[in-house]
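Engineer: Before I ask anything, let me first share the structure, which is written out below as structure tokens.
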Amino acid sequence: MIDWCKKIYSDLENRFPRLHRIGRFVTTGVLATSANILIVFLLTHFLHVWYLISSITGFLLSFIISFYLQKFWTFKHQKRERIKQEFALFFIFILAALGLNTFLVFIFVEHAGFHYLIAQIAAGFFVAIMNYFSYKNFVFV
């Protein structure tokens, strides 16, 4: 059964590489975002940390998860010679995304009246689009 699944996965990847990469990006994003949201919830709800500090902390910790999954799985960029430069570029784009994310969470909570978790999810959607094109065109080339 496992061999059959591996074969189907490989066949789909070979037939639709771009769509498959987008699928991996989304899966990686869901995993990193889930970690982010869990961290935001735990810090805010249980430790009573201000929601924006929780948001920043969750975003930065999910960065580490995201970098390794995006590099080695999503974009299948196995070379390690440039890993420091890629990490630095990834971090620069993450900082830009963090600024956008924090701004959007603030606007959604303070001005639109969203619950902080809904605001985090909504902001994450916009940030994900920016990140895909940044990673594809500038980081993992």
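The values are calculated or read from the model by the stated rules, or taken from the named source; none is laboratory data. This structure is a prediction, so every number in the text was calculated from the model and none was measured. In this analysis, Cβ positions are derived from the backbone assuming ideal geometry, glycine residues included, and neighbour counts consider all displayed protein chains.
Engineer: If a residue has to be aliphatic (A, V, I, L, M), exposed (fewer than 15 other Cβ atoms within 10 Å of the Cβ) and within 21 Å of ILE22 (Cβ to Cβ) to count, how many in the stretch 117-141 make the cut?
Structural biologist: Residues in the stretch 117-141 being aliphatic (A, V, I, L, M), exposed (fewer than 15 other Cβ atoms within 10 Å of the Cβ) and within 21 Å of ILE22 (Cβ to Cβ): 3 in total.
Engineer: Say whether the condition of being free of Cβ contacts under 8 Å to residues at least 12 places away in the same chain, out of contact with any helix residue (DSSP H, G or I) (no Cβ under 8 Å at 6 or more places or on another chain) and under 20 Å from SER66 (Cα atoms) is met by at least one residue in the stretch 123-132.
Structural biologist: Looking for residues that are free of Cβ contacts under 8 Å to residues at least 12 places away in the same chain, out of contact with any helix residue (DSSP H, G or I) (no Cβ under 8 Å at 6 or more places or on another chain) and under 20 Å from SER66 (Cα atoms), one finds at least one in the stretch 123-132, hence yes.
Engineer: Can you name the residue in the stretch 101-116 that is surrounded by 15 or more Cβ atoms within 10 Å (Cβ to Cβ) and under 17 Å from THR57 (Cβ atoms) and, of all such residues, is farthest from the chain's Cα centre (by Cα)?
Structural biologist: VAL109
Engineer: A further question follows. Kindly indicate the residue of the stretch 87-100 that is hydrophobic (A, V, I, L, M, F, W, C) and under 15 Å from LEU52 (Cβ atoms) and also nearest to the chain's Cα centre (by Cα) among those meeting that condition. Don't jump to the end; show me each part of the working.
Structural biologist: Going through the stretch 87-100, the residues hydrophobic (A, V, I, L, M, F, W, C) turn out to be 87-98, 100.
Filter again for under 15 Å from LEU52 (Cβ atoms), leaving 98, 100.
Values: LEU98: 11, LEU100: 13 Å.
Out of the qualifying residues, it is LEU98.
Engineer: Now a separate question. Are there helices (runs of 4 or more DSSP H) fully within the stretch 1-93 with at least 1 residues that are acidic (Asp, Glu) and loosely packed, with under 13 Cβ neighbours inside 10 Å? List them.
Structural biologist: The qualifying helices (runs of 4 or more DSSP H) are 2-15.
Engineer: Looking at the stretch 19-37 only, could you name the residues that are of a type outside the set (Val, Ile, Thr) and touching a residue at least 24 places away in the same chain (Cβ under 8 Å)?
Structural biologist: ARG21, ARG24, PHE25, GLY29, LEU31, ALA32, ALA35, ASN36, listed by residue number.
Engineer: Starting from the stretch 101-121, keep only residues that are more than 19 Å from HIS48 (Cβ to Cβ), then list their pairs with residues that are at pLDDT 95 or above and part of a loop (DSSP other than H, G, I, E, B) whose Cβ atoms are within a distance under 6 Å, requiring at least 6 positions of separation or different chains.
Structural biologist: From residues that are more than 19 Å from HIS48 (Cβ to Cβ), the pairs are PHE108/PHE114.
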